[in-house]
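Structure first, then comments.
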Amino acid sequence: MRPAWLAAGVVAVLVAVVAGLAFGSVSLPPGGVAVELLNLIPGVRLHSGLTEREVAILTELRLPRVVLGLLVGAMLALAGAAYQGAFRNPLADPHLLGVAAGAGLGVTAVLVLRPAGTELPIGVPAAAFVGALSAVALTWMLGAAGGRDRSPAALILAGVAVAAFLSAIQTYLLQRHVESLREVYSWLLGRLGTAGWHDVLVVLPYTVVTAAIMLTQRRELDVLTVGDEEATSLGLHPQRSRYLLIVAASLGTAAAVSVSGLIGFVGIIVPHTLRLLTGPSYRSLLPLSLLFGAAFLALTDLLARVAGGAAEIPIGVVTAFLGAPFFIVVLRTTRSAST
C-alpha cells in the first residue's frame, strides 16, 4: 500500500471529524473545533476561543455521534470489501446473509409485541443484534442443506431466501400492529442519534476485534481471488479462511446495525471507489476501506443533519440516494467485464 493513500485516508477521517463537529444547527468555527480536539490530549491545554456552551455542544452532543459514525462506517465498508473477496462477487454487501432482515425483524418484534404501557423487555440495539446473528446462523445452516460444503453460491442463495422469509414475517407483524409503524420505520431508515457515549462503547469492542481479524486475512483474500484449487496448491485452506472472514464480517455488521439502524450501500460505494482508484489488491483495499468508510459515513451523517433543515433526513435515505445510481454503474461494469 502506497503511503500516499494511507495518508489520504487519515486526512479524510480528520476532515470528516472536524466538519461533523463544526457544522449543524449551531455552527462552530472549524479552527476552534480543531484546537478543542487537541485539548482532549492529556497534558495539552490551548485556548480555542469557544464558549462553555459551544464546548458542551461539541463534546457532549456532537463528538459521540461523529465517533459512532466513524465506527459504523468503518465496519460497514470493511465488511463489504471482505464479503466481496470471500464470495468473489463484486455486488456483495454487509447485508448479504440476511443481517439486515434479521435485525429489522428483531427490532420490529420487540416494538410491536410489547404490552401497551410497558417497558421494552430488551433494548432495541440488543434486539437488532440478536436478530442479525440469528439470521446469519439460519443462513449458515441452510447453506449446508443437501450437502456438506457451504459454497459461496449456496450461502448467497440461502441468504436471499432467509432475508425474504424474515422480511415477510416483519411485514405481517407491521400489518397487525400499524400503530407501531412510525417507530419501527424510524429505526429501519437508519440514524446515528446518540445522547452520549453508550452506543459507542457498545459497538467499539466488536469493531476492534472483527476489524483486526479481517485485516489479518487481507493477504488470504488476494489468494482466494485466483480460485479455490489454486489457493489450495499455494498452501491456503480456502474454506477455513472464507468462513473466518464471513463470521467476522457478519458479527461486525450485526454490531454496527444494532446501534445505527439499516444503513445501506456503504459496503458497495466505498470499496468499489477505492478499487477503481488504487487497484484490486485486498492488502491495501481493506485498510483503506476502513479509513474512507469511516470518513464517508461521518460526512453523510453531516449531510443528513444539515440538508433537511429543522427536520433531519434519515441517513439511510441519503446513502440510498447516493448508492442506488452507484449500484447500477457497478452492475453495468460487471456485466461488461464478464462478456
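The values are calculated or read from the model by the stated rules, or taken from the named source; none is laboratory data. Quick caveat, the model's predicted, so the values are computed rather than measured. Counting neighbours? That spans all protein chains shown, and the Cβs are built from the backbone with ideal geometry, glycine included. The area values use the complete protein model at the heavy-atom level, side chains included, leaving out ligands, DNA and RNA. Shrake-Rupley method; radii C 1.70, N 1.55, O 1.52, S 1.80 Å.
Here are the numbers for the structure shown:
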| quantity | calculated |
| --- | --- |
| Helix runs (DSSP H) in the chain reaching 27 Å along axis by Cα, Kyte-Doolittle at least -0.5 | 3-22, 63-86, 124-143, 152-176, 198-216, 238-260, 282-307, 315-338 |
| Within the accessible area of the chain (1.4 Å probe), percent carbon and sulfur | 68 |
| Rg(Cα)/(2.2 N^0.38 Å) for the chain, N = residue count | 1.02 |
| Length-normalised contact order for the chain - Cα pairs under 8 Å, 6+ apart - percent | 30 |
| Extended-chain gain in nm, criterion 0.36 nm per residue less alpha-carbon gap, N89 and I328 | 84.6 nm |
| Counted charge near L234, where neighbours are those whose Cβ lies closer than 12 Å (Asp, Glu -1; Lys, Arg +1) | -4 |
| Candidates G102, G252, G309, ranked by Gaussian network fluctuation over the chain, Cα under 10 Å, top entry | G309 |
| Residue (of A74, L155, V26) at the positive-pole extreme of the chain, dipole from beta-carbon charges | L155 |
| Debye, to nearest 20: dipole size of the chain, +1 on Lys, Arg Cβ, -1 on Asp, Glu Cβ | 460 |
| Given charges at beta-carbon only (K, R positive; D, E negative), |dipole| of the stretch 64-217 in Debye | 160 |
| Residue-normalised accessible area of the stretch 1-151, expressed per residue, 1.4 Å probe, Å² | 45 |
| Most mobile of A307, A158, A248 in a GNM of the chain (Cα contacts under 10 Å) | A307 |
